[in-house]
Amino acid sequence: MTRLIKSSSSSFVYFFHVSMTYEKELAAAKKAVSLAVRLSQEVQKSLLQSNVRSKSDKSPVTAADYGSQAVISHVLERELHPEPLYLVAEENAEDLKKDGAEEFLESITKLVNNALASDDSYANSSLSVENVRKAIDHGRSQGGSSGRHWILDPVDGTRGFVKGEEYAVALALLVEGKVVLGVMACPKLENHKSASSGKVGCLFFATEGEGAYVQSLEGDSHPPEKVHVSNIENPEEATFVESSHKPIPIHSSIAKKLGIKAPPLRIHSQVKYAALARGDAEIYLRFTLKGYRENIWNHAAGAIITTAGGVVCDADGNPLDFSKGKHLEHKTGIVVSTEKLMPRLLQAIRESIEEEIFSL
């Protein structure tokens, strides 16, 4: 069942469908992500290298990662009460319990409360240091094929974030092992509708079977618009995106087989999914080192936003499986494109993989 929502501004009228099944969840997710973005933007403005810490795996983590997770955890728990909250998230509070972390945790708590206070309904709900630590630790669900689990990457693309570049706040809902809802904020992505004013910041959202939409991060005064993947049919004209880390040789091989001459766009985080969802690019390739396991929070929100018109699969053309816990179980590579280009793309991938095997 869907509800048709109509809204108007001084210049136009727009319509979009909201699945009644997930209407409450979508509203809660959009509020949670929007408040978390306010926190992350504040941190990025004032970020110093001393504010960047390393986790046990040597990857960077900032006050924004922890603070964003605490905000989203708290908002979801409150907005969806009395439904229990099961959250699969990137961060946990273990490092914040160590000696010497007290000052860092206090700064995170201040950021969280400032972000919450920006919403009238949370203006009087200040959280203690312990409340914030518990909110962060709510993200210890293991996911799986049964029940409801929220999937969160509080700051996706931390390496880009600390450089003042692209990042995303990505939240998705997994129901019985299937992603049914996604909300993703891209604070550094140009908003096409306000490009002439130089404003940036987009909020993408999608629910199962209802398409994907984008709106300005500035809020309701900028109504949502449905997004569409590109209509390009000739792969030679396609633009492909990849991670901003070092180039992956097989990506170049695949692009060459498709006749793509333009260099790839290198973008941090799930912003790559957003670029495909609204037609800024046509192909996203992610082939990683052997043995690397993809975390579900790095792909869940982006995948449902892009599959509203596009295709997200592994290198064999199989849909991504988010039902196996914190990690994706898939064959080599993640591939995102349009329905028109996917057959040619998968063929080029097969040929490139075979050549790579034979060259060993």
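Overview of values
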| read-out | value |
| --- | --- |
| Boolean, TYR273 is within 16 Å of the chain's Cα centre (by Cα) and either more than 13 Å from PHE204 (Cα to Cα) or part of a helix (DSSP H, G or I) (or both) | yes |
| Subset tally (residues that are open to solvent by less than 10 Å² (accessible area, probe 1.4 Å) and closer than 20 Å to ARG38 by Cα) for region 157-183 | 10 |
| Selection within region 95-132 - of a type outside the set (D, E, K, R), part of a loop (DSSP other than H, G, I, E, B) and loosely packed, with under 15 Cβ neighbours inside 10 Å | GLY100, SER118, ALA123, ASN124, SER125, SER126, SER128 |
| Residue that is modelled with the highest pLDDT, among those in region 47-80 that are of a type in the set (A, V, I, L, M) and in a loop (DSSP other than H, G, I, E, B) | LEU80 |
| Region 171-190, residues that are in contact (Cβ under 8 Å) with a residue 40 or more places away in the chain, farther than 14 Å from LEU217 by Cβ and in a strand (DSSP E or B) | LEU171, ALA172, LEU173, LEU174, LYS178, VAL179, VAL180, LEU181, GLY182 |
| Inter-residue pairs, beta-carbon under 9 Å, first among the hydroxyl-bearing types (Ser, Thr, Tyr) and in region 70-96, second open to solvent by 60 Å² or more (accessible area, probe 1.4 Å) and outside any loop (DSSP other than H, G, I, E, B), 6+ apart | SER73/LYS134; TYR86/ARG148 |
| Test result for SER141, under 25 Å from THR21 (Cα atoms), out of contact with any Phe, Trp or Tyr (no Cβ under 9 Å at 6 or more places or on another chain), touching a residue at least 24 places away in the same chain (Cβ under 8 Å) and among the hydroxyl-bearing types (Ser, Thr, Tyr) | no |
| Given (1) within 24 Å of ALA301 (Cα to Cα); (2) at pLDDT below 95; (3) surrounded by 13 or more Cβ atoms within 10 Å (Cβ to Cβ); (4) in contact with a strand residue (DSSP E or B) (Cβ under 7 Å, 6 or more places away or on another chain), number of the condition THR21 does not satisfy | (4) |
| Condition check for ALA308: in a helix (DSSP H, G or I) and open to solvent by less than 40 Å² (accessible area, probe 1.4 Å) | no |
| Considering residues of region 326-345 that are out of contact with any strand residue (DSSP E or B) (no Cβ under 7 Å at 6 or more places or on another chain) and either modelled with pLDDT of 95 or more or over 23 Å from SER145 (Cα atoms) (or both) only, the residue least open to solvent (accessible area, probe 1.4 Å) | PRO343 |
| Neighbours by Cβ (under 7 Å, 6+ apart or cross-chain): first from region 341-360, over 14 Å from GLU282 (Cβ atoms); second among the charged types (D, E, K, R) | GLU351/LYS257; SER352/LYS257 |
| Unmet criterion (only one of (1) open to solvent by less than 50 Å² (accessible area, probe 1.4 Å); (2) of a type outside the set (A, V, I, L, M, F, W, C); (3) within 26 Å of ALA274 (Cβ to Cβ)) for GLU79 | (1) |
| Subset of region 234-260 (residues that are assigned to a helix (DSSP H, G or I), in contact (Cβ under 8 Å) with a residue 24 or more places away in the chain and more than 27 Å from the chain's Cα centre (by Cα)) | GLU236, SER253, LYS257, LEU258 |
| Residue that is farthest from PRO249 (Cα to Cα) [pool: residues in region 311-325 that are open to solvent by 60 Å² or more (accessible area, probe 1.4 Å) and either out of contact with any Lys or Arg (no Cβ under 8 Å at 6 or more places or on another chain) or touching a residue at least 60 places away in the same chain (Cβ under 8 Å) (or both)] | LYS324 |
| Some residue of region 248-271 being under 21 Å from LYS163 (Cα atoms), open to solvent by less than 20 Å² (accessible area, probe 1.4 Å) and among the charged types (D, E, K, R) | no |
| Count - residues of region 150-204 that are small (Gly, Ala, Ser) and at pLDDT 95 or above | 6 |
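The values are calculated or read from the model by the stated rules, or taken from the named source; none is laboratory data. Since the model is a prediction, treat every value here as computed from it, not as a measurement. Virtual Cβ from ideal backbone geometry, glycine too; neighbours counted across all protein chains shown. For accessibility, only protein heavy atoms count, side chains too; no ligands or nucleic acids. Shrake-Rupley method; radii C 1.70, N 1.55, O 1.52, S 1.80 Å.
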